[in-house]
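Notes to accompany the following structure.
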Amino acid sequence: MPEHATTAVAPEAEPLLRTRGLSVHYGGVTANADIDLTVGAGEIVGLIGPNGAGKTTFVDAVTGFARSSGEVILSGRRIDRSGPHRRRRAGMARTWQAGELFSDLTVAQNLAVAVQPVGLRAMVADVINGSRPPAGVVEKALDVVGLTDVADRRPDELTLGQQKLVGVARALVGDTGLVLLDEPAAGLDTHESREFGGELRRIAATGVGILLIDHDMSLVLDVCDRLYVLDFGRVIAAGSPAEVTRDPAVVAAYLGSAEVEAEPDTPTDGQASGESTATESTATESTTTESTATESTATEETR
């Protein structure tokens, strides 16, 4: 090899989502401050923090529902000046904390609504000819979350865990490459949460990037590749789940310290001395009393 030759280094892959200095202000209140965050294709990234930390506001800003400053980059292209519908068409989707399903529609119809064309022309076409989603789009999304068998059922015929997955599938329908999930596991029990986490892993395995917000720390720590922690709108820690859970700032702001069982009280020297003195005093008083009583009895008997 020539003396001055250098080994070529492959350029770092551009993440699916990147935010730079993303900030949101409401009057004089700063809800998000200079947030830098990345999500790669096929990666599950957790965004955690106490209530009011600015997690949902961040999702609103990324998806175009909140006015913000800074950059939002999707697949290498800036989209922070685009409206929510254009960001959706670019391959970004989200769920909502109150993601209600249409109870009078089947699961498949609930997904079809998400890809329904909008606008006057689409409405006229729907009235005249009816409208259907592109072939295979709904089926593909249901297959990803494992709900193909319940496509013709209504939401009230499903378990809560399945209903949550329908909401995720509704976000995935179409050409979605990135999905932002806002507390999707709320209300699930331990078993349902574990199954839900397995489905998230299946989704990520297809190449979809996931940003997950949830207070179920068992779920978050189990499925996330990396974590970001927000407090008062700022990132206070980022890294692997193991790194983040050991960070003192995260423990103080969100996780809390583990409760340590109190050891049995061990008397101090002072306490021991006091107890000893009290015992000796009691013993002396008792001896004196007994001695006095004995002498009194003996005197009476002599008389």
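Separation between the Phe232 and Ala13 pseudo-spin-labels, each 7 Å from Cα along Cα→Cβ, expressed in nm?
Inter-label distance under the simple model: 3.8 nm.
Taking a label point 7 Å from the Cα of Gln97 along the Cα→Cβ vector, which residues of the range 157-186 have an amide N closer than 17 Å to it?
Answer for this model: 180-186.
When ranked by the protection proxy of mean other Cβ atoms within 10 Å per residue, highest first, what sequence do the peptides 150-160, 230-240 form? Intermediate results must be reported in sequence, preceding the final value.
Values: 150-160: 14.6, 230-240: 18.4.
Descending mean neighbour count gives 230-240, 150-160.
Can you order the peptides 30-41, 98-109 by their average number of other Cβ atoms within 10 Å per residue, highest first?
Numbers: 30-41: 19.6, 98-109: 15.2.
Highest-to-lowest ranking by the protection proxy: 30-41, 98-109.
Could you give the nm distance between label points at Ala252 and Ala186, where each point is 7 Å from its Cα heading toward the beta carbon?
3.0 nm
Every number here is computed from the coordinates shown, using simple stated rules; none is lab data. Only a predicted model underlies this, so the values are computations on that prediction, with no experimental measurement involved. Backbone-built Cβ (ideal geometry, glycine too); neighbour counts: all protein chains shown.
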